[in-house]
Amino acid sequence: MTARFLGLKIDVDTLRGYREGVPRLLDLLARHGVRASFFFSFGPDNSGKAIRRVFRPGFLAKMGRTGPVSTYGLRTLLYGTLLPAPLIVPSEPDLVVKTDGEGHECGIHAWDHVKWQDELDRLDEGRIEEEFLRARELFEQLLGRPPLSCAAPGWQANARSLHVQDRMDLAYCSDVRGREPFFPVIDGEAFATLQIPTTTPTMDELLGRDGTDEGNFNDRLMATFGDVTVHTIHTEMEGLRQLPLLDDLLRRCRDQGLAVVPLADLAAAVDQKKTPRRELRRGTLPGRAGTLALQS
Ligand SMILES: [Zn+2]
């Protein structure tokens, strides 16, 4: 029997997800004796500004299914608009240090998650680099070394963001949705940093669609798993209200002999000489508003 792996990618998007979700996830992962990858949003929590996404098709449908107030909390939905945007990691820097100390991979999700997710295509390369460097500087201050991985907010990537990442000496990025590790090509231009795509739908994409509910979620999720799977979870969902579902998923993985690992382990196992180049294109996925970066 060949070994099967689940790369567990944990996105930290908001102050609440960081301060309340991360500690619960660390406890849960320790109980299961597994390690994962945490991608932190280091800077301001501007979640209130994400309300702008209300004007994009699909957002209201998604919010109806997942319940924004119960998932994010009312305060979170006002950050950056009626309430000032608090800084996420500076509010409790020890939590990044603790995550690293417990053996998990720590990488960069963003400085300002909402800015990257909503405005990436309007930012020039210098501005994108500035966002990245602010997060990297804080990472280095806390952990005493540069980050080796990043995961773009909302799977938003373009040639400018990949240029910036190529200059950062990263072991890999996880910016896209796809099937297997690859080197991205955009409009004929090849990029040097390995991509480890998310291969499964996320909880917010599945729940409430086609009869998927909390009772059958893990069955339907695991039906999408291959030999090497990368699944993205959010501290605001699986780290809080949906923690029992993640607990159940990790139990099933153990029972089925699926090894839960950080994405860095998957990246290290990739034979880069045999890794394909694939076009990175923009498209839509069921259950998710707007467009995102997809492996062709
Ligand atoms: Zn995110």
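The values are calculated or read from the model by the stated rules, or taken from the named source; none is laboratory data. None of the values given here were measured: they were computed from a predicted structure. Every residue, glycine as well, gets a Cβ built from its backbone with ideal geometry; the counts of neighbours run over all protein chains shown. SASA here: full protein model, heavy atoms, side chains in, ligands and nucleic acids out. Shrake-Rupley method; radii C 1.70, N 1.55, O 1.52, S 1.80 Å.
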> Using the alpha carbon gyration tensor of segment 225-293, what are the three equivalent-ellipsoid semi-axes (square root of 5 times each eigenvalue), largest first, in whole Å?
Replying inline: 25, 21, 10
> With the chain treated as a Gaussian network of Cα nodes joined by springs under 10 Å, which of ASN46, ASN158, ASN216 yields the largest mean-square fluctuation?
Replying inline: ASN216
> So what are the ³J(HN,Hα) numbers for segment 240-250, from phi and the Karplus equation (6.51, -1.76, 1.60; θ = phi - 60°), rounded to whole Hz, Gly and Pro as x?
Replying inline: 10, 4, 9, 4, x, 5, 5, 4, 5, 4, 5
> Antiparallel DSSP bridges in the chain: what percent, to the nearest 5?
Replying inline: 20 percent
>> Cut-off 20 Å, label point 7 angstrom out along Cα-to-Cβ of ASP169: give me the residues of segment 260-280 whose amide nitrogen falls inside.
In response: 264-265, 267-268
>> To the nearest 20 Debye, how big is the dipole of the chain about its Cα centre, given +1 on the beta carbon of each Lys and Arg and -1 on that of each Asp and Glu?
In response: 560 debye
> For segment 154-170, what does the Karplus curve 6.51 cos²θ - 1.76 cosθ + 1.60, with θ = phi - 60°, yield as ³J(HN,Hα) per residue in whole Hz, taken in order and with x for Gly and Pro?
Replying inline: x, 6, 9, 9, 8, 4, 5, 5, 6, 4, 4, 5, 4, 7, 9, 6, 8
> Looking only at ALA30, ALA264, ALA157, which one moves most when the chain is put into a Gaussian network model with springs between Cα atoms under 10 Å?
Replying inline: ALA30
>> If the elastic network links every pair of Cα atoms under 10 Å, which of ASP210, ASP118, ASP13 fluctuates the most in the Gaussian network model of the chain?
In response: ASP210
> If each of THR224 and LYS274 carries a label point 7 Å out from its Cα toward its Cβ, how far apart are those two points in nm?
Replying inline: 2.7 nm
> Which cross-chain or sequence-distant (5 or more) residues have an amide H under 5 Å from the amide H of GLY7, H modelled 1.01 Å from N in plane?
Replying inline: THR229, VAL230, HIS231, VAL261
>> Quick check on segment 137-212: take the gyration tensor over C-alpha atoms, sort the square-rooted eigenvalues as a ≥ b ≥ c, and tell me if it's rounded (a/c under 1.5), prolate or oblate.
In response: oblate
> log₁₀ I(q)/I(0) of the chain at q = 0.09, 0.10, 0.14 Å⁻¹, via Debye over equal Cα point scatterers, no solvent, to two decimals?
Replying inline: -0.39, -0.49, -1.05
>> Quick check on packing: order 140-148, 75-83 by the mean number of other C-beta atoms within 10 Å, highest mean leading.
In response: 75-83, 140-148
> In whole percent, how big is the carbon plus sulfur part of the accessible area of the chain, probe 1.4 Å, protein atoms only?
Replying inline: 53 percent
> Taking a label point 7 Å from the Cα of GLU20 along the Cα→Cβ vector, which residues of segment 237-273 have an amide N closer than 14 Å to it?
Replying inline: 237-243
> From a point 7 Å beyond the Cα of GLU189 in the direction of its Cβ, which residues of segment 110-146 have a backbone N at a distance under 13 Å?
Replying inline: 124-126
>> For segment 151-296, what does the accessible surface come to per residue with a 1.4 Å probe? Please give it in Å².
In response: 39 Å²
> Rounded if a/c is under 1.5, else prolate if a/b is larger than b/c, else oblate: which is segment 150-296, with a ≥ b ≥ c the root eigenvalues of its Cα gyration tensor?
Replying inline: prolate
